[in-house]
Amino acid sequence: MAGKPVLHYFNLRARVESIRWLLAAAGVEFEEKFVETPEDFEKLKNDGLLLFQQVPMVEMDGMKLVQSRAILNYIATKYNLYGKDVKERLLIDMYTEGMADLYEMFIQLTVTPPDQIDAKIALIKDRTKNRYLPAFEKVLKSHGQDYLVGNKLSKADILLTELLYTVEEFDASLLASFPLLQALKTRISNLPNVKKFLQPGGQRKPPTTAKMMEEARKLVKP
């Protein structure tokens, strides 16, 4: 029997949190080996485990998986969270790429210079309220179903729920005008596997601070 997947990353959210969400939603138990010192990172590189000399890296099914979106696609395919045909996979990819664009703005906020913070926050609020959330609300309204694609749970629903939690932590008022998204968030959060992941003491990480990002960057500097 294959062992549990092992996630190699820093002890924070950033680019591996979506992988945690997707594995948890699929009911897959996983372990984590945190990069906590420069030596930890150098060992991964020197052992030839990082194809592009960067993390995250996931040990799974006898492979060393890298590149976050490729990892997500593999997990979604393996656990039947990637639609039933090529058209549904296209929609799932379109939606999740949009989510990634907004999620990247939140990640970049943690490394934004202090004198640019206010402008970045204003931009995130504008894009969240006027570009991204309206698009996903429109998708749900257009077909009146419980899930984004094919009326079945997919990685798009899981990653959107993760994003909605991030938005809520940032500014809960941004969700006020999107009742269908609020309902989706509640629905996905109440799935047993997701509910377990979200419980205190679970493997979901707390919000990433600028200090946490700076400490992580120090670990990988040449």
**Report entry** Residues located in the stretch 86-116, provided they are over 15 Å from Pro207 (Cβ atoms) and of a type in the set (A, V, I, L, M, F, W, C)
**Finding:** Val86, Leu90, Leu91, Ile92, Met94, Met99, Ala100, Leu102
**Report entry** Pick from the stretch 30-61, criterion under 23 Å from the mean Cα position of the chain (by Cα) and more than 12 Å from Tyr9 (Cα to Cα), ranking: surrounded by the most Cβ atoms within 10 Å (Cβ to Cβ)
**Finding:** Met60
Report task. For residues that are among the β-branched types (Val, Ile, Thr) and part of a loop (DSSP other than H, G, I, E, B), scanning just the stretch 2-47, find the one that is farthest from Met105 (Cα to Cα). Result -> Val28
Query raised in the report: Among the residues of the stretch 76-103, which ones are assigned to a helix (DSSP H, G or I), open to solvent by 60 Å² or more (accessible area, probe 1.4 Å) and closer than 23 Å to Leu7 by Cβ?
Result: Thr77, Lys78, Glu97
**Report entry** Check on Val111, farther than 18 Å from Ala14 by Cβ and either hydrophobic (A, V, I, L, M, F, W, C) or surrounded by 15 or more Cβ atoms within 10 Å (Cβ to Cβ) (or both)
**Finding:** no
Query raised in the report: Pick from Met99, Met60: which is within 21 Å of Lys155 (Cβ to Cβ), out of contact with any helix residue (DSSP H, G or I) (no Cβ under 6 Å at 6 or more places or on another chain) and modelled with pLDDT of 95 or more?
Result: Met60
Query raised in the report: Scanning for something within 16 Å of Val149 (Cβ to Cβ) and open to solvent by 20 Å² or more (accessible area, probe 1.4 Å), does the stretch 14-28 turn up at least one residue?
Result: no
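Rundown of residues vs (1) touching a strand residue (DSSP E or B) at 6+ places or on another chain (Cβ under 6 Å); (2) farther than 18 Å from Lys125 by Cα; (3) of a type in the set (Asp, Glu); (4) touching a residue at least 40 places away in the same chain (Cβ under 8 Å), yes/no style:
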site	(1), (2), (3), (4)
Ser154	no, yes, no, yes
Leu160	no, no, no, yes
Leu164	no, no, no, no
Glu168	no, no, yes, no
**Report entry** Where a residue in the stretch 172-184 is closer than 10 Å to Leu140 by Cα and its partner, wherever it lies, is outside any helix (DSSP H, G or I), with Cβ under 9 Å and at least six apart
**Finding:** Leu184/Asp146; Leu184/Tyr147; Leu184/Leu148
Query - Total residues in the stretch 199-213, condition part of a helix (DSSP H, G or I), in contact (Cβ under 8 Å) with a residue 24 or more places away in the chain and either out of contact with any helix residue (DSSP H, G or I) (no Cβ under 8 Å at 6 or more places or on another chain) or within 21 Å of Val6 (Cα to Cα) (or both) - result: 2
Query raised in the report: Among the residues of the stretch 139-148, is there at least one that is closer than 20 Å to Ile75 by Cβ, open to solvent by less than 20 Å² (accessible area, probe 1.4 Å) and either in contact (Cβ under 8 Å) with a residue 60 or more places away in the chain or outside any helix (DSSP H, G or I) (or both)?
Result: yes
Query raised in the report: Quick check, is Asn73 out of contact with any Pro (no Cβ under 9 Å at 6 or more places or on another chain) and either acidic (Asp, Glu) or outside any loop (DSSP other than H, G, I, E, B) (or both)?
Result: yes
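The values are calculated or read from the model by the stated rules, or taken from the named source; none is laboratory data. Values in this document were obtained by computation on a predicted structure and should not be read as measured data. Every residue, glycine among them, receives a Cβ derived from its backbone with ideal geometry; neighbour counts consider all protein chains shown. Heads up: the accessible areas ignore ligands, DNA and RNA and are worked out on the full protein's heavy atoms, side chains in. Shrake-Rupley method; radii C 1.70, N 1.55, O 1.52, S 1.80 Å.
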